[in-house]
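This report concerns only the one structure given below.
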Amino acid sequence: MKFSCVAALPLLSMVDGFAFVPQKATTSSTALDATPVYYSTSTGNTETVAGYIAAAVGDDDAEDIGDADDDTIKGLDSMIIGAPTWHTGAEEERSGTSWDEWLYSNLENMDLSGKKVAIFGVGDQASYADNFCDAAGELYDCFTAKGAKVFGMTSTDGYDHSESKAIVDGKFVGLMCDEDNQYDDSEPRAKAWVEQLKEEGFF
């Protein structure tokens, strides 16, 4: 008995859920995966902390801001950024890294209105108690000036410093770590901070 393929199509479509229509391959991704971590470093400490944060976010790796593509950054909804403080006491270019040039050249040509930013800083509160994580405050000033909204403000409790330009309205502008004096706290702080960002709707 011969069977008509034409006649069978409606039936097979009903049974197999339109099996004759090619299905596009899908990839699983989350909002966390779409949020990159940008940093720059002079001693490696900021890279270490960036790695903790990237792992907590579920990203494969963090990227040095000096290697970042401007068009990619313009197209992001959210990003995590971090810097060390090297030029203590400076009003600008405080990190001694690629951020110093990037903030005042690349960023100047960007409109980040409505974009979500989370900031982390790395400093030495024992040797530089008067300038702890000042560069994180510079990131805050520069990115908010371009319209970005900052998430992830944290308490100053648990730190031993005198002054910091990274404090706004009594809170740190993000996650602050000290790989010289509190290195055991950095990874747990990073994990807790990412959870806080989730609760705030950052991702």
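Derivation of every value follows stated rules applied to the coordinates shown; laboratory data play no part. Source: prediction; values computed, not measured. Here the Cβ is made from the backbone with ideal geometry for all residues, glycine too, and neighbour counts use every protein chain on show.
Values computed for the structure shown
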{"read-out": "Filtered GluC sites (Glu not before Pro), segment 76-135: DSSP coil and at most 14 other beta carbons within 10 Å", "value": "GLU91, GLU92"}
{"read-out": "Within segment 164-203: Cβ-based charge dipole about Cα centre, in debye rounded to nearest 20 (Lys, Arg +1; Asp, Glu -1)", "value": "220"}
{"read-out": "Pairs beyond 23 Å (Cα-Cα), from LYS116/LYS165; LYS149/LYS198; LYS74/LYS165", "value": "LYS74/LYS165"}
{"read-out": "Net lengthening on full extension, THR156/ASN181 (0.36 nm per residue, minus Cα-Cα)", "value": "7.4 nm"}
{"read-out": "Percent of alpha-carbon pairs separated by more than 15 Å within segment 97-157", "value": "55"}
{"read-out": "Kirkwood Rh and Cα Rg combined as Rg over Rh, evaluated for segment 48-136", "value": "0.97"}
{"read-out": "Segment 86-122: chymotrypsin sites (Phe, Trp or Tyr not before Pro) in DSSP coil with no more than 10 other Cβ atoms inside 10 Å", "value": "none"}
{"read-out": "Three-way shape call for segment 126-203 based on the alpha-carbon gyration tensor, with the a/c threshold at 1.5", "value": "oblate"}
{"read-out": "Kirkwood-based shape ratio for segment 80-130, expressed as Rg/Rh from alpha carbons", "value": "1.02"}
{"read-out": "Cα gyration tensor shape for segment 44-99, rounded if a/c is under 1.5, else prolate or oblate", "value": "oblate"}
{"read-out": "Local electrostatic count, ALA166, Cβ distance below 11 Å [Lys/Arg +1, Asp/Glu -1]", "value": "-1"}
